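Each remark here refers to the structure printed beneath this line.
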Amino acid sequence: MKKKTKKRLVTLLVMCLVITALIVGIAVINAINKKANEKEPEPAPQTHVTVFDKGKTIVTAIHFKDKDTEMSFTYVNEEWVYDADKNFPLNKDRVAAMASAIGRIDAAATISDNKKPLSDFGLENAAVTVYATFSDGSKKTFLFGAKNSFNSCQYLSISGDKNIYMVEENVAEPFAADLDYLYKPEVFVLQKDGVDYTNINSITLTTADGKTNEITDVEAIYDLTPLILELDLYTYEDYYADKAEMAETYLISPEGERITVKYDADGETDKVYTVYIGARNEPEPEAETETDSDVDGDETAAPESESAAPETDANTPDDEETAEEEESKYCYFYTFNESTVVYNGDGETIDKIFSYLTYTPKTES
């Protein structure tokens, strides 16, 4: 009996040692895992904080300038106008984007208690300066300075605020604009209506002296349609001409030379689009430069001889010839329907259209 008891005690002791080893092993593993999980905390994602917000107060005037441009706009009768010329066809959505950009500004970072000179941030001679007036009568000046390539931000200071902010570069993007960018072209009716030769019923050509030709032949309409669509209302000469100026300066009148297109679109039949052609617009002649022969007379001119190198096409590169051809192209002034804008139409294109003034459809044999 004593041997059995001793054997049981040894067995229990071994089991206790095994259990103790397991407990210690689990504790060690847990400690290792805990240490492995205790890494350095990841940096918090860059958060944007609203640093300027006029709420429901709207921008009523904007004046901005950069190294190349200076313009101002005023919000009148719920629409934006260009202060220098209220008749300018302004793209109001693009000016509204400017107002939106400074109505509420979020910053990626704030530099407070700044002791560095403004020149360190490009704010002493700002890249863009914006003066804004708000509907509550308050005024603010926004200076957009240097760009920081590290975080793709731009330094900004706001009048009345001692802090300097880092804002996304796109905040100042609406102000990277010139007058051409802010010009809103008129709607090209034929393009808007999706006109092609299949829905044109007739094209009538009329000259100032009363000659006319109404073309209904499908073959001729097929040829004329792409030529008419080239007159696309983008190259303008004058964006606001009244009837008197149309007639006196550009020789455009309802009784003058014109192209009338009748077409079907959007369920309507015989819609009319008329192009009024005015004076021929010749390119400006190049100023002649003086040469030695012009100044000193014929005595200094080299005598002609067989040894003189003949002029060849090789002396003028193709690109220079193309540029000269472009400069020598003539145009015609034109407008359409009730527009106040005068455009420049390629002279060869318009002449080609009016070559159909004598067109007669082929007769079937």
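Here, each number is a calculation from the coordinates, and none is a lab measurement. This is a predicted model, so every value here is computed, not measured. Here the Cβ is made from the backbone with ideal geometry for all residues, glycine too, and neighbour counts use every protein chain on show.
Would you mind ranking His48, His63 by Cβ crowding within 10 Å, fewest neighbours first?
His48, His63
For region 49-182, state the semi-axes of the equivalent ellipsoid (square roots of 5 times the eigenvalues of the alpha-carbon gyration tensor), sorted largest first and rounded to whole angstrom. Walk me through the numbers before you get to the answer.
Details: eigenvalues 136, 53, 31 Å².
That gives 26, 16, 12 Å for the three semi-axes.
Find how many whole Å separate the alpha carbon centroid of region 130-169 from the alpha carbon centroid of region 205-240.
Each part reduced to its Cα centre gives a spacing of 51 Å.
Do any chymotrypsin sites (Phe, Trp or Tyr not before Pro) in region 108-158 lie in a loop, going by DSSP, with at most 14 other beta-carbon atoms within 10 Å of their beta carbon, and if so which? Please list the in-between numbers first.
Values: sites: Phe121, Tyr131, Phe134, Phe142, Phe144, Phe150, Tyr155; in loops: Phe150.
Sites meeting the loop and neighbour criteria: Phe150.
Explain nothing, just the number: dipole magnitude of region 49-182 about its Cα centre with +1 on each Lys and Arg Cβ and -1 on each Asp and Glu Cβ, in debye rounded to the nearest 20. Intermediate values should be presented prior to the final figure.
On the way: 14 positive and 20 negative charges, 84 e Å.
The dipole magnitude comes to about 400 debye.
Pick out, in residue order, every one of the chymotrypsin sites (Phe, Trp or Tyr not before Pro) in region 204-262 that is DSSP loop and has at most 14 other C-beta atoms within 10 Å; say none if there are none.
Working: sites: Tyr222, Tyr234, Tyr236, Tyr239, Tyr240, Tyr250; in loops: Tyr234, Tyr239, Tyr240.
Answer by residue number: Tyr234, Tyr240.
Semi-axes of region 121-211's equivalent ellipsoid from the Cα gyration tensor, sqrt of 5 times each eigenvalue, largest first, rounded to whole Å? Write down the numbers at each step before the final one.
Details: eigenvalues 512, 60, 32 Å².
Here the semi-axes work out to 51, 17, 13 Å.
Please list the equivalent ellipsoid semi-axes of region 91-247, computed as the square roots of five times the alpha-carbon gyration tensor eigenvalues, in descending order and whole angstrom. Don't skip to the answer; put the middle values down first.
On the way: eigenvalues 583, 63, 34 Å².
The three semi-axes for region 91-247 are 54, 18, 13 Å.
I want to verify the translational diffusion coefficient of region 129-175 in µm²/s; compute it with Stokes-Einstein, Rh as the Kirkwood radius over Cα pairs, at 10 °C and 1.306 mPa s.
Numbers: Rh = 11.5 Å.
Answer from the Stokes-Einstein relation: 139 µm²/s.
Can you compute the modelled spin-label distance between Lys86 and Glu284, with each label point 7 Å from Cα toward Cβ, in nm?
My value for the distance between the label points is 3.2 nm.
Given an 8 Å cut-off on Cα distances and at least 6 residues of separation, report the relative contact order of region 131-273 as a percent.
Numbers: 157 pairs, mean separation 26.9, N = 143.
Reported relative contact order: 19 percent.
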